[in-house]
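Report on one structure; see the data block that follows.
The values are calculated or read from the model by the stated rules, or taken from the named source; none is laboratory data. Everything numeric in this text was worked out from a predicted model, so none of it was measured. When we count neighbours, we look across all protein chains shown, and the Cβ atoms used for this are built from the backbone with ideal geometry, even at glycine. All accessible areas refer to the heavy atoms of the entire protein, side chains included, with ligands and DNA or RNA removed. Shrake-Rupley method; radii C 1.70, N 1.55, O 1.52, S 1.80 Å.
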Amino acid sequence: MKPVILDVDTGLDDACALLLAARHPELDLKAVTCVGGNVGLDDVVVNTLTVLEAAGRTDVPVARGAALPLLQPVRAAPHVHGVDGLGNLDWPRSSRTPGPGHAVELLRDVLRDAAATGELVTLIPLAPMTNIALLLRTYPDAAAGLREIVFMGGAAGIGNATASAEFNIWTDPEAAAIVLAAAAELGVPVTMYGLDVFYDVVITLDQARSLGDSPSAELARRLIEKRSELYQSDGASIGDGGAVCAVIDPAGLTTQPFPLRVELSGTWSRGRTIVDTRDWSSDLTNDPHGPSPAVVQVATAVDGKRYADLWLSAVK
Ligand code: RIB
Ligand code: CA
């Protein structure tokens, strides 16, 4: 069993990731932390509790985290996830409440326990990284409980929120920059599951409709149907769910180590992940910036069918 924590801004594809993480037999979902992003924090929390309930996992601790980015004014995405964040599905919303502590405190406690037992946790941020930045700067000792960070965000190629930036990084660029710097300082390995692979794990409507009638299967079907409807296609990617697949089955993902920086001040490029694919063995001594201290495994390709089958087998 791989211990994992998901940090989410539950929208439709975060829901795909939660169903997988909650139900896959090889994952031990230790906690889920919530942050404002796709929709406001209140809806993110209710959506997260709702999805975990459908997955039969009301045992998983859930905590509220940051409602707003560190500096950037929040810019939600109701046009992508619906006003309520779950595609306005008429799915009964959970009446449960999250745990009493802040997300940063839940992350701290779970990671300190992991450091003590040696069962290190893979942290999977699938949202703006505000909670993660606050954690690593407030409780750096907690990093001793981390095996690695596998985050959905960024892009070596084009953006989605803007031509240049991917939504999670664009929403809180300072948080992303802090996480990369802190992880490098603290020696935590980082994998970037960016837009370059994000769209490549696709579930067809036929596959979704053959999942069966358990609450998890029914919700999985509805999520794919809603995303297919939004994108007017006969199937939909599981988006964030692919990052969880990469933790379960790393062999399905191709990565390369590249120096990585986040643009914080560009008028048109703020929030861009600058993936430095240059050959650093050549003479780059004239580069005034020098190499980024953050070298991360950047996902460059994914076996979409392999991960689609993995997701289907877990959520049906
Ligand atoms: O850019 C895609 C990312 O932004 C996904 O995590 C999606 O859920 C939104 O948060
Ligand atoms: Ca997300």
Legend entry - Filtered residues of the range 1-28 (kept if away from ligand 2 (no atom under 14 Å from the Cβ), more than 11 Å from the chain's Cα centre (by Cα) and not basic (Lys, Arg)): Met1, Pro3, Val4, Ala22, His24, Pro25, Glu26, Leu27, Asp28
Legend entry - Qualifying positions in the range 294-313 - under 19 Å from the mean Cα position of the chain (by Cα), under 13 Å from Asp249 (Cα atoms) and not hydroxyl-bearing (Ser, Thr, Tyr): Val302, Asp303, Gly304, Ala308, Leu310, Trp311
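Residue-wise test of (1) open to solvent by 40 Å² or more (accessible area, probe 1.4 Å); (2) within 24 Å of Leu19 (Cβ to Cβ); (3) in contact with a strand residue (DSSP E or B) (Cβ under 8 Å, 6 or more places away or on another chain); (4) at pLDDT below 95.
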site: Gly242; (1), (2), (3), (4): no, yes, yes, no
site: Ser282; (1), (2), (3), (4): yes, no, no, yes
site: Ser292; (1), (2), (3), (4): no, no, yes, yes
site: Ala299; (1), (2), (3), (4): no, yes, yes, no
Legend entry - Residues (surrounded by fewer than 20 Cβ atoms within 10 Å (Cβ to Cβ), in contact (Cβ under 8 Å) with a residue 60 or more places away in the chain, β-branched (Val, Ile, Thr) and over 30 Å from Arg23 (Cβ atoms)) located in the range 249-280: Thr277
Legend entry - Residue in the range 47-58 that is at negative phi, among the charged types (D, E, K, R) and touching a Lys or Arg at 6+ places or on another chain (Cβ under 8 Å) present: yes
Inset, instruction - Consider only pairs whose beta carbons are under 6 Å apart and that are at least six residues apart or on different chains; among these, list those whose first residue lies in the range 221-248 and is under 16 Å from Gln207 (Cβ atoms) and whose second residue is within 13 Å of ligand 1 (Cβ to nearest atom) and assigned to a strand (DSSP E or B). - result: Ile224/Ala236; Arg227/Ala236; Ser228/Ala236
Inset, instruction - Return only the number of the condition from (1) within 13 Å of ligand 2 (Cβ to nearest atom); (2) in contact with a Ser or Thr (Cβ under 6 Å, 6 or more places away or on another chain) that Ala55 does not satisfy. - result: (1)
Legend entry - Residue match in the range 55-71 (condition: over 24 Å from Ile149 (Cβ atoms) and touching a residue at least 60 places away in the same chain (Cβ under 8 Å)): yes
Legend entry - Segments classed as helices (runs of 4 or more DSSP H), wholly inside the range 141-234, with at least 1 members that are among the small types (Gly, Ala, Ser): 173-186, 205-209, 215-230
Inset, instruction - For residues that are open to solvent by 60 Å² or more (accessible area, probe 1.4 Å), among the hydroxyl-bearing types (Ser, Thr, Tyr) and in contact (Cβ under 8 Å) with a residue 40 or more places away in the chain, tally how many sit in the range 301-314. - result: 0
